[in-house]
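Input: a single structure, listed below in C-alpha coordinates.
The values are calculated or read from the model by the stated rules, or taken from the named source; none is laboratory data. Here the structure is a predicted model, which is why all the values come from computation and not from measurement. Heads up, the Cβs are rebuilt from the backbone with ideal geometry, glycines too, and the neighbour counts pull from every protein chain shown. Note: accessible area is taken over every heavy atom of the protein model, side chains too, but ligands, DNA and RNA are not part of it. Shrake-Rupley method; radii C 1.70, N 1.55, O 1.52, S 1.80 Å.
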Amino acid sequence: MKDSVSRNIERVRETIVAACERVGRNPQEVKIVAVTKGVDTERMAEALACGIRVFGENRVQEAMKKMPVFAGMDVEWHFIGRMQRNKIKKILEHFHCVHSLDREDFGREMSHRLRSAGRGGYPVLLEVNLTGKETQGGVREEELPELVRRVAALSELRIVGLMTIGPLGESEEGIRRVFRRLRELKDMVNALNIPGVSLTELSMGMSDDYHLAILEGATMVRLGRAIFGERRT
(Lines give C-alpha, C1' and ligand atoms only; values in the text may rest on other atoms or scores of the structure.)
Protein backbone atom coordinates (compact mmCIF):
# COMPACT_ATOMS: atom_id res chain seq x y z
CA MET A 1 0.00 0.00 0.00
CA LYS A 2 1.30 3.43 -0.93
CA ASP A 3 2.00 5.94 1.78
CA SER A 4 -0.60 8.65 2.07
CA VAL A 5 0.90 11.81 0.62
CA SER A 6 -1.44 13.94 2.71
CA ARG A 7 -0.45 12.11 5.90
CA ASN A 8 3.23 12.49 5.06
CA ILE A 9 2.83 16.21 4.43
CA GLU A 10 1.03 16.58 7.74
CA ARG A 11 3.97 14.89 9.49
CA VAL A 12 6.45 17.10 7.64
CA ARG A 13 4.61 20.24 8.70
CA GLU A 14 4.51 19.05 12.31
CA THR A 15 8.27 18.46 12.18
CA ILE A 16 8.85 21.92 10.74
CA VAL A 17 6.75 23.53 13.47
CA ALA A 18 8.56 21.57 16.21
CA ALA A 19 12.01 22.47 14.85
CA CYS A 20 11.06 26.14 14.52
CA GLU A 21 9.71 26.22 18.07
CA ARG A 22 13.05 24.92 19.35
CA VAL A 23 14.91 27.93 17.97
CA GLY A 24 12.21 30.60 18.02
CA ARG A 25 11.56 30.73 14.30
CA ASN A 26 8.31 31.27 12.41
CA PRO A 27 7.38 28.08 10.47
CA GLN A 28 6.16 30.32 7.66
CA GLU A 29 9.83 31.11 6.96
CA VAL A 30 10.41 27.52 5.76
CA LYS A 31 9.36 26.66 2.21
CA ILE A 32 8.83 23.01 1.27
CA VAL A 33 10.35 22.09 -2.09
CA ALA A 34 8.74 18.76 -3.01
CA VAL A 35 11.36 16.72 -4.87
CA THR A 36 9.46 14.94 -7.63
CA LYS A 37 12.18 12.91 -9.33
CA GLY A 38 10.61 9.51 -10.08
CA VAL A 39 7.21 10.63 -8.76
CA ASP A 40 4.10 10.27 -10.92
CA THR A 41 1.80 13.21 -11.60
CA GLU A 42 -1.06 11.67 -9.60
CA ARG A 43 0.95 11.81 -6.40
CA MET A 44 2.21 15.26 -7.29
CA ALA A 45 -1.43 16.36 -7.67
CA GLU A 46 -2.11 15.00 -4.18
CA ALA A 47 0.69 17.16 -2.83
CA LEU A 48 -0.67 20.17 -4.69
CA ALA A 49 -4.10 19.57 -3.14
CA CYS A 50 -2.41 19.69 0.28
CA GLY A 51 -0.97 23.12 -0.40
CA ILE A 52 2.47 22.22 -1.79
CA ARG A 53 3.31 24.81 -4.44
CA VAL A 54 6.97 24.18 -5.27
CA PHE A 55 8.20 21.14 -7.18
CA GLY A 56 11.94 20.48 -7.37
CA GLU A 57 13.31 18.42 -10.23
CA ASN A 58 16.79 17.05 -10.93
CA ARG A 59 16.15 16.02 -14.53
CA VAL A 60 15.05 18.49 -17.16
CA GLN A 61 13.48 15.96 -19.54
CA GLU A 62 11.49 14.24 -16.80
CA ALA A 63 10.19 17.57 -15.53
CA MET A 64 9.14 18.71 -18.99
CA LYS A 65 6.94 15.64 -19.38
CA LYS A 66 5.11 16.49 -16.15
CA MET A 67 4.81 20.25 -16.56
CA PRO A 68 1.86 20.23 -19.03
CA VAL A 69 -0.28 18.43 -16.43
CA PHE A 70 0.08 21.43 -14.12
CA ALA A 71 -0.05 24.18 -16.75
CA GLY A 72 -1.93 27.25 -15.55
CA MET A 73 -1.83 26.13 -11.93
CA ASP A 74 -0.19 27.98 -9.03
CA VAL A 75 3.04 25.95 -9.17
CA GLU A 76 6.72 26.89 -9.13
CA TRP A 77 9.32 24.61 -10.68
CA HIS A 78 12.81 24.72 -9.15
CA PHE A 79 15.80 23.07 -10.80
CA ILE A 80 17.85 21.36 -8.09
CA GLY A 81 20.12 19.01 -10.06
CA ARG A 82 23.63 19.31 -11.45
CA MET A 83 23.74 21.87 -14.21
CA GLN A 84 24.90 20.98 -17.72
CA ARG A 85 25.58 23.50 -20.46
CA ASN A 86 23.37 21.73 -22.99
CA LYS A 87 20.40 21.92 -20.59
CA ILE A 88 20.64 25.64 -19.71
CA LYS A 89 18.28 26.83 -22.47
CA LYS A 90 15.48 24.51 -21.37
CA ILE A 91 16.08 25.19 -17.67
CA LEU A 92 15.56 28.91 -18.26
CA GLU A 93 12.49 28.29 -20.40
CA HIS A 94 10.74 25.98 -17.97
CA PHE A 95 12.00 26.56 -14.42
CA HIS A 96 11.32 29.52 -12.14
CA CYS A 97 14.53 29.20 -10.10
CA VAL A 98 17.87 27.34 -10.02
CA HIS A 99 19.35 26.06 -6.75
CA SER A 100 22.60 24.67 -8.11
CA LEU A 101 24.66 27.29 -9.93
CA ASP A 102 28.32 26.72 -9.09
CA ARG A 103 30.25 27.94 -12.15
CA GLU A 104 30.77 31.38 -13.59
CA ASP A 105 30.70 30.14 -17.19
CA PHE A 106 27.25 28.62 -16.64
CA GLY A 107 26.14 31.92 -15.14
CA ARG A 108 27.42 33.76 -18.20
CA GLU A 109 25.57 31.37 -20.50
CA MET A 110 22.37 31.87 -18.49
CA SER A 111 22.79 35.64 -18.55
CA HIS A 112 23.38 35.68 -22.31
CA ARG A 113 20.27 33.64 -23.01
CA LEU A 114 18.13 35.71 -20.67
CA ARG A 115 19.36 38.93 -22.27
CA SER A 116 18.55 37.58 -25.73
CA ALA A 117 15.03 36.76 -24.54
CA GLY A 118 14.56 40.18 -22.93
CA ARG A 119 14.36 38.71 -19.45
CA GLY A 120 16.09 39.70 -16.23
CA GLY A 121 16.09 39.19 -12.48
CA TYR A 122 16.21 35.41 -12.77
CA PRO A 123 16.66 33.97 -9.23
CA VAL A 124 19.57 31.63 -8.55
CA LEU A 125 21.14 30.06 -5.50
CA LEU A 126 24.85 29.27 -5.49
CA GLU A 127 25.68 25.71 -4.50
CA VAL A 128 28.51 25.30 -1.99
CA ASN A 129 30.28 21.98 -1.44
CA LEU A 130 30.95 21.74 2.30
CA THR A 131 31.65 18.00 2.47
CA GLY A 132 34.63 17.92 0.11
CA LYS A 133 33.12 14.99 -1.82
CA GLU A 134 34.00 15.08 -5.49
CA THR A 135 30.68 13.41 -6.39
CA GLN A 136 28.77 16.43 -5.09
CA GLY A 137 28.48 19.66 -7.00
CA GLY A 138 29.22 23.05 -5.54
CA VAL A 139 31.94 25.63 -5.27
CA ARG A 140 34.47 25.37 -2.45
CA GLU A 141 33.77 27.83 0.33
CA GLU A 142 37.03 29.73 -0.20
CA GLU A 143 35.99 30.33 -3.82
CA LEU A 144 32.50 31.54 -2.94
CA PRO A 145 33.17 35.30 -2.54
CA GLU A 146 34.74 35.54 -6.00
CA LEU A 147 31.90 33.53 -7.58
CA VAL A 148 29.38 35.83 -5.91
CA ARG A 149 31.15 38.90 -7.28
CA ARG A 150 31.30 37.50 -10.80
CA VAL A 151 27.69 36.29 -10.88
CA ALA A 152 26.47 39.52 -9.28
CA ALA A 153 28.00 41.37 -12.25
CA LEU A 154 25.61 39.48 -14.56
CA SER A 155 22.60 41.78 -14.31
CA GLU A 156 20.13 39.24 -15.73
CA LEU A 157 20.72 36.98 -12.69
CA ARG A 158 19.69 37.68 -9.10
CA ILE A 159 21.52 35.75 -6.39
CA VAL A 160 18.96 35.05 -3.69
CA GLY A 161 20.80 32.56 -1.51
CA LEU A 162 23.01 29.52 -1.06
CA MET A 163 22.43 25.77 -1.31
CA THR A 164 24.27 22.76 0.05
CA ILE A 165 23.87 19.00 0.53
CA GLY A 166 24.44 17.72 4.05
CA PRO A 167 26.96 14.97 4.82
CA LEU A 168 25.85 11.34 4.93
CA GLY A 169 26.54 9.14 7.94
CA GLU A 170 27.60 11.97 10.24
CA SER A 171 26.44 12.59 13.78
CA GLU A 172 23.68 15.13 14.30
CA GLU A 173 26.27 17.65 15.44
CA GLY A 174 28.39 16.95 12.36
CA ILE A 175 25.40 17.53 10.10
CA ARG A 176 24.40 20.68 11.96
CA ARG A 177 27.96 21.98 11.68
CA VAL A 178 27.74 21.86 7.87
CA PHE A 179 24.38 23.62 7.82
CA ARG A 180 25.60 26.18 10.35
CA ARG A 181 28.57 26.89 8.11
CA LEU A 182 26.31 27.63 5.16
CA ARG A 183 24.40 30.13 7.30
CA GLU A 184 27.71 31.72 8.32
CA LEU A 185 28.73 31.95 4.66
CA LYS A 186 25.44 33.68 3.84
CA ASP A 187 26.14 36.24 6.58
CA MET A 188 29.73 36.63 5.38
CA VAL A 189 28.61 37.29 1.79
CA ASN A 190 26.05 39.85 2.94
CA ALA A 191 28.72 41.59 5.01
CA LEU A 192 30.81 42.10 1.85
CA ASN A 193 28.21 44.65 0.68
CA ILE A 194 28.50 43.62 -2.95
CA PRO A 195 26.15 45.83 -5.01
CA GLY A 196 22.86 44.08 -5.74
CA VAL A 197 23.58 41.15 -3.40
CA SER A 198 21.38 40.53 -0.37
CA LEU A 199 21.08 36.82 0.33
CA THR A 200 17.93 35.66 2.10
CA GLU A 201 17.55 31.97 1.16
CA LEU A 202 19.27 28.86 2.51
CA SER A 203 18.33 25.72 0.59
CA MET A 204 19.51 22.89 2.83
CA GLY A 205 18.08 19.78 4.38
CA MET A 206 16.52 16.72 2.78
CA SER A 207 14.26 13.95 4.05
CA ASP A 208 16.70 12.57 6.64
CA ASP A 209 18.09 15.82 8.00
CA TYR A 210 15.71 18.69 7.27
CA HIS A 211 14.80 19.10 10.94
CA LEU A 212 18.48 19.78 11.67
CA ALA A 213 18.74 22.20 8.75
CA ILE A 214 15.80 24.19 10.09
CA LEU A 215 17.54 24.52 13.45
CA GLU A 216 20.43 26.16 11.59
CA GLY A 217 18.35 28.53 9.49
CA ALA A 218 17.11 26.68 6.39
CA THR A 219 14.48 28.61 4.45
CA MET A 220 13.97 25.91 1.80
CA VAL A 221 13.96 22.17 2.52
CA ARG A 222 14.11 19.71 -0.40
CA LEU A 223 11.91 16.74 0.45
CA GLY A 224 11.23 13.68 -1.70
CA ARG A 225 10.87 10.51 0.35
CA ALA A 226 9.43 12.34 3.36
CA ILE A 227 6.47 13.38 1.18
CA PHE A 228 6.12 10.71 -1.49
CA GLY A 229 7.62 7.63 0.16
CA GLU A 230 10.23 5.49 -1.53
CA ARG A 231 10.78 6.34 -5.17
CA ARG A 232 9.06 4.00 -7.64
CA THR A 233 11.38 4.62 -10.58
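Some points to look at:
- Considering only SER116, VAL128, LEU101, the residue lying farthest towards the positive end of the dipole of the range 99-163 is SER116, judged by Cα position with unit charges set on Cβ.
- Straightening the chain between ARG119 and THR41 buys 25.1 nm, computed as 0.36 nm per residue apart minus the Cα-Cα spacing.
- Relative to one another, the C-alpha centroids of the range 168-233 and the range 49-66 are positioned 20 Å apart.
- Accessible-area ranking of ARG103, ARG82, ARG176, largest first, probe 1.4 Å: ARG82, ARG103, ARG176
- Here, the chain yields an orientationally averaged convex hull projection of 12.8 nm² when only Cα atoms define the hull.
- At the residue level, GLU46 shows approximately 80 square angstrom of accessible surface with a 1.4 angstrom probe and all protein chains present.
- By a 1.4 Å probe calculation restricted to protein chains, HIS78 has an accessible surface near 0 Å², given to the nearest 10.
- Computed from point charges on the beta carbon alone (+1 for Lys and Arg, -1 for Asp and Glu), the dipole magnitude for the chain about its Cα centre is near 620 Debye.
- ASP40 - accessible surface, heavy atoms, 1.4 Å probe, Å² rounded to 10: 60 Å²
- Angstrom value of the Kirkwood radius, inverse mean 1/r, which spans all Cα pairs in the range 172-215: 11.3 Å
- FRET efficiency, SER198 to LYS133 (Cβ-Cβ, R0 25 Å, nearest 0.05): 0.25
- Sorting the Cα pairs of the range 41-124 by distance into bins of 10 Å, from 0 upward, gives 16, 49, 27, 7 percent per bin.
- Taking the chain as a Gaussian network of alpha-carbon nodes connected by springs under 10 Å, the highest mean-square fluctuation of the residues ILE194, ILE80, ILE175 belongs to ILE194.
- Ordered by solvent-accessible area of protein heavy atoms (1.4 Å probe), largest first, the residues LYS133, LYS37 come out as LYS133, LYS37.
- Relative contact order for the range 1-149, counting Cα pairs under 8 Å that sit 6 or more residues apart, in percent: 15 percent
- Net charge dipole size for the range 127-233 [Lys, Arg +1 and Asp, Glu -1 on Cβ; Debye, nearest 20]: 260 debye
- If you sort SER207, SER171, SER155 by accessible surface, 1.4 Å probe, largest first, the order is SER155, SER171, SER207.
- In nm, spacing of pseudo-spin labels at LYS65 and GLU146 (7 Å Cα→C-beta vector): 4.1 nm
- What separates the Cα centres of the range 107-162 and the range 1-43 is a distance of 27 Å.
- Considering only MET64, PRO195, LEU182, the residue lying farthest towards the positive end of the dipole of the chain is MET64, judged by Cα position with unit charges set on Cβ.
- Counted by Cβ distance under 12 Å from ARG113, the other residues give a net charge of +4, where Lys and Arg count +1 and Asp and Glu count -1.
- Our summary gives the range 81-233 a relative contact order of 19 percent, counting only alpha carbon pairs under 8 angstrom and 6 or more residues apart.
- For the pair LYS89 and HIS112, label points projected 7 Å from Cα toward Cβ lie 1.2 nm apart.
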